[in-house]
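The values are calculated or read from the model by the stated rules, or taken from the named source; none is laboratory data. What you see is a predicted model, and the numbers here were worked out from it, not measured in a lab. Every residue, glycine as well, gets a Cβ built from its backbone with ideal geometry; the counts of neighbours run over all protein chains shown. With ligands, DNA and RNA removed, areas are computed over all heavy atoms of the protein, side chains included. Shrake-Rupley method; radii C 1.70, N 1.55, O 1.52, S 1.80 Å.
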Amino acid sequence: SANINVMVSAANKAARGLVRDFGEVEQLQVSVKGPSDFVSTADTKAERVIKAELKKARPDWGFLMEEGGIDEGRDPRWRWIVDPLDGTTNFLHGIPHFAISIALEKDGEIVAGVVYSPIVDEMYWAEKGSGAFMNDRRLRVSARRDIGQSLFATGIPFRGRPGHKPFLERLSKVMAVSAGVRRMGVASLDLAFTAAGRFDGYWEHDLQPWDVAAGIILVREAGGSVTALEPGTDPVHGGSILAANQPMHKALKDLLTVDAAA
Ligand code: 2AM
Ligand code: CA
Ligand code: CA
Ligand code: CA
């Protein structure tokens with residue numbers, strides 16, 4: 001649709017800058033927002049490009065962006081949720097696994113999402129009710145129902161984030177029964193890979209809306225289930241997420257929440 005075209009072209013334009021900067025990472029200025037929380041001139045430049053492109057196409061709509069924060073806009077019903085560079089730590093280490101994430105929220109509901117991984121040129125996109133795609137291929141979550149054959153993604157709390165002990169307990173439970181657990185450091189791509197059936201499920205705590213908003217609609221439109229892990233919260237704004245194909249969503253939920261019930 002028209003909105004997806006706007007999002008894809010903003011992502012493509014910002015990606016050209018990111019790819020250039022990735023080739024000369026040592027020239028970027030890096031500052032520290034908090035313990036292990038880095039931001040570079042690549043992040044802020046990409047965010048400026050995305051905001052300018054989206055604003056040009058939809059002048060009245062609002063923004064929620066990782067680096068720039070909130071811009072209400074004149075029409076509060078519509079809002080872009082943007083992470084201009086998801087995976088800054090990978091990027092700064094020369095690891096070609098990072099993405100641009102752009103979601104569109106209408107009246108508090110995510111209605112479209114784009115996640116672009118520029119080095120491998122994988123453009124993930126979805127619109128509510130119309131399915132999820134990678135480039136021009138339709139996506140479907142995996143059909144695996146045996147947890148022993150299932151591969152999961154998660155995020156390890158890094159310095160500055162709480163929760164190492166509960167994380168390690170949950171991790172060892174999943175490790176004990178699954179085919180493996182991966183930690184790639186890019187929430188938006190963990191969700192995109194779950195939508196594509198590469199991962200059978202993904203869970204993480206302590207996330208921000210711009211990490212997950214676009215990826216959530218990818219997984220849902222690919223036939224998967226997405227909820228928060230903390231009861232009574234929503235996965236976009238609540239900070240925790242469990243996304244998987246339907247059988248593994250139930251299996252992971254039982255494994256990861258058994259403590260709370262005990
Ligand atoms: P960022 O690169 O946009 O900051 C979930 O793990 C998210 O946490 C990542 O997608 C990443 O988004 C963010 N994050 C910030 N600092 C991190 C770190 N040191 N290691 C891993 N992820 C980090
Ligand atoms: Ca960041
Ligand atoms: Ca992020
Ligand atoms: Ca970011």
request  = Could you tell me how many degrees, from 0 to 90 and to the nearest 10, lie between the Cα long axis of helix 2-22 and the main elongation axis, the longest principal axis, of the Cα atoms of the chain?
outcome  = 90
message = Just to check I understand the Karplus step: with θ = phi - 60° and J = 6.51 cos²θ - 1.76 cosθ + 1.60, what whole-Hz values come out for the stretch 120-134, glycine and proline as x?
response = 8, 6, 10, 9, 9, 8, 8, 9, 3, x, 10, x, 10, 9, 10
ask   = What whole number of Å gives the distance from the Cα centroid of the stretch 24-64 to the Cα centroid of the stretch 205-262?
value = 27
ask   = Which net charge results when you count Lys and Arg as +1 and Asp and Glu as -1 among the other residues whose beta-carbon is under 15 Å from that of GLN246?
value = +2
ask   = How far is helix 246-261 tilted off the main Cα axis of the chain, in degrees rounded to 10, range 0 to 90?
value = 70
query = What dipole magnitude, in Debye to the nearest 20, does the chain give about its Cα centre under +1 on Lys/Arg Cβ and -1 on Asp/Glu Cβ?
reply = 440
task = Subtract the Cα-Cα distance of GLU169 and LYS106 from 0.36 nm times their separation in residues, and report this length gain in nm to one decimal.
result = 18.9 nm
query = Which percent of the accessible area of the stretch 21-144 is formed by carbon and sulfur heavy atoms (probe 1.4 angstrom)?
reply = 49
note = For the table LYS55/LYS253; LYS56/LYS128; LYS128/LYS165; LYS128/LYS253; LYS56/LYS106, the rows whose alpha-carbon distance is greater than 29 Å are LYS55/LYS253; LYS128/LYS165
query = If you place +1 on the Cβ of every Lys and Arg and -1 on the Cβ of every Asp and Glu, how big does the dipole about the Cα centre of the stretch 49-200 come out, in debye to the nearest 20?
reply = 500
remark   = Phi-derived 3J(HN,Hα) across the stretch 77-90 with the Karplus relation (6.51, -1.76, 1.60, θ = phi - 60°), rounded Hz, x for Gly and Pro, is 6, 10, 8, 8, 10, 10, 10, x, 8, 9, x, 4, 5, 4
task = Might you tell me the accessible area per residue for the chain, computed with a 1.4 Å probe and given in Å²?
result = 45
inquiry  = Quick check: from the Cα gyration tensor, does the stretch 1-67 come out rounded (a/c under 1.5), prolate or oblate?
reply    = oblate
query = Relative to the longest principal Cα axis of the chain, at what angle does helix 164-177 sit, 0 to 90 degrees, rounded to 10?
reply = 60
task = Let me have the 222 nm mean residue ellipticity of the chain computed from DSSP H runs of 4+ only, each contributing -39500 (n - 2.57), with the sum over all residues rounded to the nearest 500.
result = -11500 deg cm²/dmol
